[in-house]
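The block underneath contains the structure these notes are about, expressed in structure tokens.
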Amino acid sequence: MTSILAYCRPGYEADTAQEITERAAILGIYGYCTFDSGQGFINFKVQNHTDADRLGLELRVSSTIFARQLIVAVAELEDLDTADRISPIVEAVASFRSDHWQNGLLFVEHADTEEGKDLAKFCRKFAVPLRQSLRKHRLLTFKEKPELRAVHVFFCRTDKALVGYSYPDCRSEFANGICRLKFPSSAPSRSTLKLEEAILTMLTAAQQQSVFRAGGRAVDLGACPGGWTYQLVQRGQFVEAVDNGSIDDALMASGQVEHFAADGFTYRPQFGRVDLLVCDMIEQPERVAKLMGDWLVKGWAEHAIFNLKLPMKRRYETVTTAIDGLQKRLQNISGNFNLNHRHLYHDRDEITVTVIRQ
Ligand SMILES: C[S@@+](CC[C@H](N)C(=O)[O-])C[C@H]1O[C@@H](n2cnc3c(N)ncnc32)[C@H](O)[C@@H]1O
């Protein structure tokens, strides 16, 4: 068996399958996907191991929209003996021993479903003896080395697991492909975690530094009650918060926020331009993408981070159409833009887009 295993949010299997199939075809790799709706992962089956390995080396999870993690899966182990699950897993890992790549990390994982969550404790405990055994068989380095290949054991049930590996530049650094964040107790809404995850996982350290220069200015469209504004204030920004709703008192007391009860589609920056435009208005994705394009093309904002609401159907097409349109407009103006779009863990039926001017 050889396939690419992609983890995703349960309910987004068809979108993930469509995206991985398309991205693989661009690399000249053809296959088909198998999945059950709601299981939180898909399997992209390919002809041979060489194709799967090449995809593992060339398709970065960070360049995809819906995949949380991508694994080259080499074995599907069913009816694992509860008295000894380790031996067949060690055997499977030995089958992808390589002269070029050592394994420097181990992930024992599960899907982001209710059944998957029941396996979390088991996975944590099981990782300890498995790690020891892999080291004893010289299939895992004694020190953790994130710059090497990682072994993944993905449990579907306690007696069924997929075993494979990922390459350092292409995988998500997080177990289960999930960036967990602690909710800041003084933030006014849980939405704050969406922007925090976007900043931490979609922007490089250098981009974070240049976007959030000391004393920078930002506009937050659809700001209330203020979860996104909170992240900007934490990063030393002065924020024009635009929304007809009411904004958190503590944020207003920071002295860094001005509230404008106005329509986000007609609002213009107070001083002609800002460093960063953020937008979390729940609106048609084409409309929001067009508005973001207007701000960037007209130079009202240097960079933008925004969410696009996903429709019930044809989500992948809707997103790619909106993003392609924006990309075309940005190509026509001077300056290079780095555009990323991801379905983040803290997003629900929406994706997050970052547009950073180089
Ligand atoms: C999902 S909430 C934003 C949550 C916010 N980002 C936070 O972290 O607290 C969407 C907000 O967009 C605002 N909104 C929707 N359409 C708008 C428009 N045309 N102009 C301004 N605000 C709008 C709504 O009033 C609502 O407060």
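The values are calculated or read from the model by the stated rules, or taken from the named source; none is laboratory data. Please read these numbers as outputs of a predicted model, since none were measured by experiment. Neighbour counts are summed over all protein chains in view; Cβ atoms, including those assigned to glycine, are modelled from backbone coordinates with ideal geometry.
Observations on the structure shown:
- Every condition in (1) farther than 23 Å from residue 155 by Cβ; (2) at pLDDT below 95 is met by residue 82 except one, and the failing one is (1).
- Of the residues in the range 199-211, not one is in the same structural domain as residue 267 (by TED's automatic domain parsing), in a strand (DSSP E or B) and either under 30 Å from residue 292 (Cα atoms) or under 16 Å from the mean Cα position of the chain (by Cα) (or both).
- Residue 156 meets all of the listed conditions (1) surrounded by fewer than 22 Cβ atoms within 10 Å (Cβ to Cβ); (2) assigned by TED's automatic domain parsing to the domain that holds residue 344; (3) in contact (Cβ under 8 Å) with a residue 24 or more places away in the chain; (4) outside any loop (DSSP other than H, G, I, E, B) but one, namely (2).
Residue-by-condition table, conditions (1) surrounded by 14 or more Cβ atoms within 10 Å (Cβ to Cβ); (2) among the hydrophobic types (A, V, I, L, M, F, W, C):
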| residue | (1), (2) |
| --- | --- |
| 87 | no, no |
| 101 | yes, yes |
| 106 | yes, yes |
| 110 | yes, no |
| 131 | yes, no |
| 136 | no, no |
| 144 | no, no |
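- Qualifying residue in the range 168-175 (condition: assigned to a strand (DSSP E or B), touching a residue at least 40 places away in the same chain (Cβ under 8 Å) and of a type in the set (Gly, Ala, Ser)): no
- Selection count, the range 88-130, where residues are over 22 Å from residue 144 (Cβ atoms) and without any contact (Cβ under 8 Å) to a residue 60 or more places away in the chain: 8
- Wholly enclosed strands (runs of 3 or more DSSP E) of the range 221-279 bearing at least 3 residues surrounded by fewer than 24 Cβ atoms within 10 Å (Cβ to Cβ) and near the ligand (Cβ under 9 Å from one of its atoms): none
- Top-ranked residue in the range 211-220 [being touching a residue at least 60 places away in the same chain (Cβ under 8 Å) and more than 9 Å from the ligand (Cβ to nearest atom); ranked as farthest from residue 264 (Cα to Cα)]: 213
- Any hit, the range 302-317, residues being under 22 Å from the mean Cα position of the chain (by Cα), assigned to a loop (DSSP other than H, G, I, E, B) and surrounded by 14 or more Cβ atoms within 10 Å (Cβ to Cβ): yes
Yes or no, residue by residue, for (1) within 12 Å of the ligand (Cβ to nearest atom); (2) among the basic types (Lys, Arg); (3) surrounded by 13 or more Cβ atoms within 10 Å (Cβ to Cβ):
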residue: 170; (1), (2), (3): no, no, yes
residue: 174; (1), (2), (3): no, no, yes
residue: 181; (1), (2), (3): no, no, yes
residue: 195; (1), (2), (3): yes, no, yes
residue: 198; (1), (2), (3): yes, no, yes
residue: 206; (1), (2), (3): no, no, no
